[in-house]
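Okay, here's the structure, questions in a sec.
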């Protein structure tokens with residue numbers, strides 16, 4: 001090769017050309033695919049909300065099976081009766097509430113700013129269930145999910161997900177053996193919103209006691225488990241004004 | 001191996017055994033520790049690295065005469081990072097489920113020192129076809145160890161393989177668990193991976209004495 005690749009001018013030129021090429025390839029790709037990616041994310045949210053209501057394709061021994069993406073939108077509009085946002089203790093109607101970025105709103109709530117917290121009212125076995133989004137942190141990064149409760153504050157189902165928890169340990173919060181334990185647990189202790197704690201010492205691995213406000217923890221995932229407990233507590237705190245009104249109805 | 005000359009075939013076969021990137025060159029240990037608690041994660045990581053290494057080595061080999069030596073490491077990093085982002089975006093658009101399983105590993109691929117190591121040691125000085133074979137070979141060698149470690153850690157730590165309970169149900173006490181067997185929780189934490197990798201290194205070197213370095 002005749003080019004002298006050691007010259008400073010060449011080095012700078014090479015760097016500039018490489019950055020321009022790589023930058024345009026990535027920008028082109030990102031804008032070309034963004035619609036598809038957004039659609040996938042929307043479907044996923046709908047699947048998660050429905051899953052937390054117990055609407056899924058699970059069989060007793062299966063893993064987590066969502067409603068398939070091609071029918072999820074129809075199923076979502078069929079089963080979710082109303083979507084609301086909770087702003088400053090007041091409930092407003094908002095048909096696009098499921099598109100709200102819960103991360104931002106929960107952060108606003110924690111810092112005492114005005115937050116728009118979404119609520120989904122669905123119907124299951126003739127009874128109204130209320131699906132609340134959750135957002136918190138695990139060991140490495142964010143964890144989030146949805147839980148559905150009935151008017152007696154008994155959990156009807158949950159869905160958890162995470163960004164980067166350890167595979168085989170914290171990442172197992174999105175497996176059925178963990179999530180299924182939450183169904184039927186009560187969030188109340190007396191009249192306070194105690195939530196459900198992920199406990200290492202509850203001596204109830206089969207989760208027979210649904211009144212103890214505890215589920216069995218995953219060995220090796222203490223911090224992720226604590227994150228789940230804290231996330232549930234935080235959600236209850238944020239949604240307390242709304243939960244009070246449905247309890248008193 | 002009629003498709004490849006003997007020299008080319010060795011590019012693929014050597015890293016699988018006597019020049020394995022993990023057990024002999026001791027590269028890529030970090031991801032071998034981090035993600036081998038489950039067989040599925042090991043498998044997915046192995047496949048991703050095979051793709052990135054194969055394509056990355058080809059790109060670097062094509063550019064080997066024009067990359068200025070002063071900024072070659074940065075140029076290599078850009079190639080890996082770009083490939084990884086492309087893979088990530090395409091998966092998110094067309095295979096969303098898979099992209100969710102992969103999410104953690106995609107970032108880890110960029111930091112995998114085997115990739116940079118092969119760019120630097122091989123692709124910068126060799127032709128496209130040989131670089132491609134070298135990339136695939138080293139990624140396979142990496143993947144084989146990952147899957148071996150994942151196999152033992154998941155089997156002994158959780159009693160499952162690919163998520164299926166192969167030793168019985170630990171809570172209902174069926175299968176092996178009925179005889180008092182317990183899962184070894186130590187196997188799912190990262191230090192266990194170091195021990196499993198150590199045992200593999202030990203077995204390998206006791207079978208082939210030529211691999212033992214002089215003290």
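Over the alpha-carbon set of the range A:1-60, work out the extent along each principal axis and list the three values in angstrom, largest first.
Result for the range A:1-60: principal-axis Cα extents of 68, 25, 16 Å.
Now a separate question. Convex hull over the Cα atoms of the range B:65-214, averaged projected area in nm²? Walk me through the numbers before you get to the answer.
Numbers: hull surface 54.1 nm².
Here the figure is 13.5 nm², rounded to one decimal.
I've got another one for you. Rg to Rh for the range A:201-249: what is it, with Cα atoms only and Rh by Kirkwood? Show your work: numbers first, answer last.
On the way: Rg = 13.9 Å, Rh = 12.7 Å.
With Rh from the inverse mean 1/r over Cα pairs, Rg/Rh is 1.09.
What is the diffusion coefficient of chain A in µm²/s, taking the Kirkwood radius over Cα pairs and the Stokes-Einstein relation at 25 °C with a viscosity of 0.890 mPa s?
122
Follow-up question, since we're still on this one. Multiply the residue gap between residue A:209 and residue A:17 by 0.36 nm, knock off their C-alpha separation, and tell me the result in nm, one decimal place.
Going from the current span to full extension adds 62.6 nm.
Could I ask something else about it? If you project the alpha carbons of the range A:39-92 onto the principal axes, what extent comes out on each, in Å, largest first?
Reported extents, whole Å, longest axis first: 42, 24, 19.
Oh, and also: In the range A:27-47, whose amide N lies under 15 Å from the spot 7 Å out along Cα-to-Cβ of residue B:100? List them in ranges.
Flagged as within label range: A:37-47.
Still on this structure, I have one more. Using the alpha-carbon centroid of each, what span in Å lies between the range B:117-148 and the range B:28-63?
10
OK, next. Suppose R0 equals 45 Å; then what is the FRET efficiency for residue A:103 and residue A:4 from their Cβ-Cβ distance, rounded to the nearest 0.05?
After rounding to 0.05, the efficiency reads 0.30.
Still on this structure: Based on a Kirkwood Rh over C-alpha pairs, give the Stokes-Einstein translational diffusion coefficient of the range B:36-126 at 37 °C and viscosity 0.692 mPa s in µm²/s. The partial results should precede the final answer.
On the way: Rh = 13.7 Å.
Result for D is 240 µm²/s.
Further, regarding this structure: Return A:34, A:199 ranked ascending by Cβ neighbour count within 10 Å, so the fewest neighbours appear first. If you can, show how the numbers build up before the last one.
Values: A:34 13, A:199 16.
By the 10 Å Cβ count, ascending, the order reads A:34, A:199.
Can you give the % of DSSP beta bridges in the range A:82-227 that are antiparallel, to the nearest 5?
Percent antiparallel among DSSP bridges in the range A:82-227 is about 90.
Something else now. Which whole-angstrom value gives the distance between the alpha carbon centres of the range B:195-210 and the range A:181-232?
44
For the range A:101-249, what log10 I(q)/I(0) values come out of the Debye formula at q = 0.12, 0.18 1/Å, with one point per alpha carbon and no solvent?
At q = 0.12, 0.18 Å⁻¹ the computed log10 ratios are -0.47, -1.08.
Enter the Cα centre distance for the pair the range A:69-120 and the range A:8-28, rounded to the nearest angstrom.
Centre-to-centre distance over Cα atoms comes out at 43 Å.
Quick check on the exposure proxy: order B:30, B:113 from fewest to most C-beta atoms within 10 angstrom.
Fewest-to-most Cβ neighbours within 10 Å comes out as B:30, B:113.
What's the exposure ranking of B:11, A:206, going from fewest to most Cβ atoms within 10 Å?
So the ranking, lowest neighbour count to highest, is A:206, B:11.
Ignoring solvent entirely, what values of log10 I(q)/I(0) come out of the Debye formula for the protein assembly as shown at 0.07, 0.08 Å⁻¹ when each Cα is a single scatterer?
Each listed q corresponds, in turn, to -0.46, -0.59.
Once both axes come from the Cα atoms, what is the angle between helix A:222-248 and the longest principal axis of chain A, in degrees from 0 to 90, rounded to 10?
It is inclined by approximately 60 degrees.
Compute and list, largest first, the equivalent-ellipsoid semi-axes of the range A:65-152 from the alpha carbon gyration tensor, each √(5λ) rounded to a whole angstrom.
Semi-axes (√(5λ), whole Å): 23, 17, 13.
Bear in mind that the values in this text are calculations on the coordinates, not laboratory data. As the structure is a prediction and not an experimental result, all values here were calculated from the model. Here Cβ is always computed from backbone atoms with ideal geometry, including for glycine, and neighbour counts include all displayed protein chains.
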